[in-house]
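The values are calculated or read from the model by the stated rules, or taken from the named source; none is laboratory data. Predicted model only: the values in this text are computed from it and were never measured. Positions of Cβ are backbone-derived with ideal geometry, glycine not excepted, and every protein chain shown enters the neighbour counts.
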């Protein structure tokens with residue numbers, strides 16, 4: 001097919017048009033369908049990423065481990081006692097648990113690679129491969145699930161969005177947290193117990209409100225049919241935190257039924 005792109009095509013564009021190098025550490029969010037026809041599919045994208053950058057990090061979240069208790073802390077954006085069906089289907093977190101479909105098929109292919117490492121947070125684990133993979137993942141704790149993003153920020157890391165918009169830009173949650181926006185407590189099944197997990201971020205559906213404001217710090221190209229962009233984490237987080245301090249309701253979604261956003265409105 002004339003419009004099919006290859007791993008080599010993707011690697012070349014990541015390097016030549018988005019500026020990735022062997023020294024780049026990045027967190028990637030990828031929507032394969034948005035890119036169009038890719039020869040080799042998800043595996044080709046993983047191959048290109050690992051060839052173009054020095055350290056590749058992706059979310060490997062496991063929302064399927066969560067359970068809803070009968071009672072818990074107030075103002076927690078959760079309806080206690082309503083989780084019978086969810087709780088029956090909940091899976092125990094383990095290192096080889098597949099990533100939730102919301103993270104995309106590319107993340108699952110990277111997870112399965114023999115060289116990939118994974119953190120152990122029962123809901124918000126990350127996967128990584130490359131020179132700094134172990135250091136990025138070791139930064140995460142139960143108390144601080146967003147620490148890998150802060151590690152990348154401190155080491156000149158970037159966000160890579162491939163066919164994904166700002167709603168997939170999980171790093172924005174770190175700016176929310178720094179600006180003082182409320183986080184939540186959630187519970188997940190582990191091999192030993194039901195773990196209570198603090199500092200869980202909320203809704204992301206309002207995040208596209210910031211995209212036009214990030215244009216000056218964003219490098220953009222098209223790979224296949226998809227818009228792809230790189231944003232340096234340090235200015236991204238600094239700018240977003242300031243915007244949130246100036247306007248505490250910025251980036252909240254407008255859905256009346258969203259417990260997360262309505263709980264955090266000022």
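Before moving on, here are some points about what is shown:
- Search result, residues across region 11-35 that are surrounded by 16 or more Cβ atoms within 10 Å (Cβ to Cβ), touching a residue at least 40 places away in the same chain (Cβ under 8 Å) and more than 21 Å from the chain's Cα centre (by Cα): 11, 13
- The residue that is nearest to residue 211 (Cα to Cα), counting only those in region 246-266 that are part of a helix (DSSP H, G or I) and out of contact with any helix residue (DSSP H, G or I) (no Cβ under 9 Å at 6 or more places or on another chain), is 246.
- Long-range neighbours under 8 Å by Cβ, at least six apart or interchain, first residue at positive phi within region 211-227, second loosely packed, with under 14 Cβ neighbours inside 10 Å: 224/3; 224/37
So that you can scan it fast, the table gives a plain yes or no per residue for (1) part of a helix (DSSP H, G or I); (2) modelled with pLDDT of 95 or more; (3) within 19 Å of residue 236 (Cβ to Cβ):
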| site | (1), (2), (3) |
| --- | --- |
| 141 | no, yes, no |
| 176 | yes, yes, yes |
| 180 | no, yes, yes |
| 192 | no, no, no |
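- Only one entry in 128, 164 is in a loop (DSSP other than H, G, I, E, B), touching a strand residue (DSSP E or B) at 6+ places or on another chain (Cβ under 6 Å) and within 29 Å of residue 217 (Cβ to Cβ), namely 164.
- Taken over region 205-227, the criterion of being over 24 Å from residue 13 (Cα atoms) and buried (at least 19 other Cβ atoms within 10 Å of the Cβ) is satisfied by 206, 207, 210.
- Flag if residue 65 is closer than 30 Å to residue 257 by Cα and in contact with a strand residue (DSSP E or B) (Cβ under 7 Å, 6 or more places away or on another chain): yes
- When restricted to residues that are under 18 Å from the mean Cα position of the chain (by Cα) and touching a residue at least 60 places away in the same chain (Cβ under 8 Å), region 195-210 contains 3.
- Residue within region 205-219 that is part of a strand (DSSP E or B), more than 26 Å from residue 30 (Cα to Cα) and in contact with a strand residue (DSSP E or B) (Cβ under 9 Å, 6 or more places away or on another chain) present: no
- Subset tally (residues that are touching a helix residue (DSSP H, G or I) at 6+ places or on another chain (Cβ under 7 Å) and surrounded by fewer than 19 Cβ atoms within 10 Å (Cβ to Cβ)) for region 136-155: 2
So that you can scan it fast, the table gives a plain yes or no per residue for (1) in a strand (DSSP E or B); (2) touching a strand residue (DSSP E or B) at 6+ places or on another chain (Cβ under 9 Å):
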site	(1), (2)
43	no, no
47	no, no
51	no, no
56	yes, yes
72	no, yes
77	no, yes
81	no, no
94	no, no
99	no, yes
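- Within region 67-112, the set of residues being touching a residue at least 60 places away in the same chain (Cβ under 8 Å) and within 23 Å of residue 167 (Cβ to Cβ) comprises 76, 77, 78, 104, 105, 106, 107, 108, 109, 110.
- Check on residue 77, at pLDDT 95 or above and at positive phi: yes
- Flag set for residue 60, criterion: under 22 Å from residue 201 (Cα atoms) and either crowded, with 17+ Cβ neighbours inside 10 Å or free of Cβ contacts under 8 Å to residues at least 12 places away in the same chain (or both).
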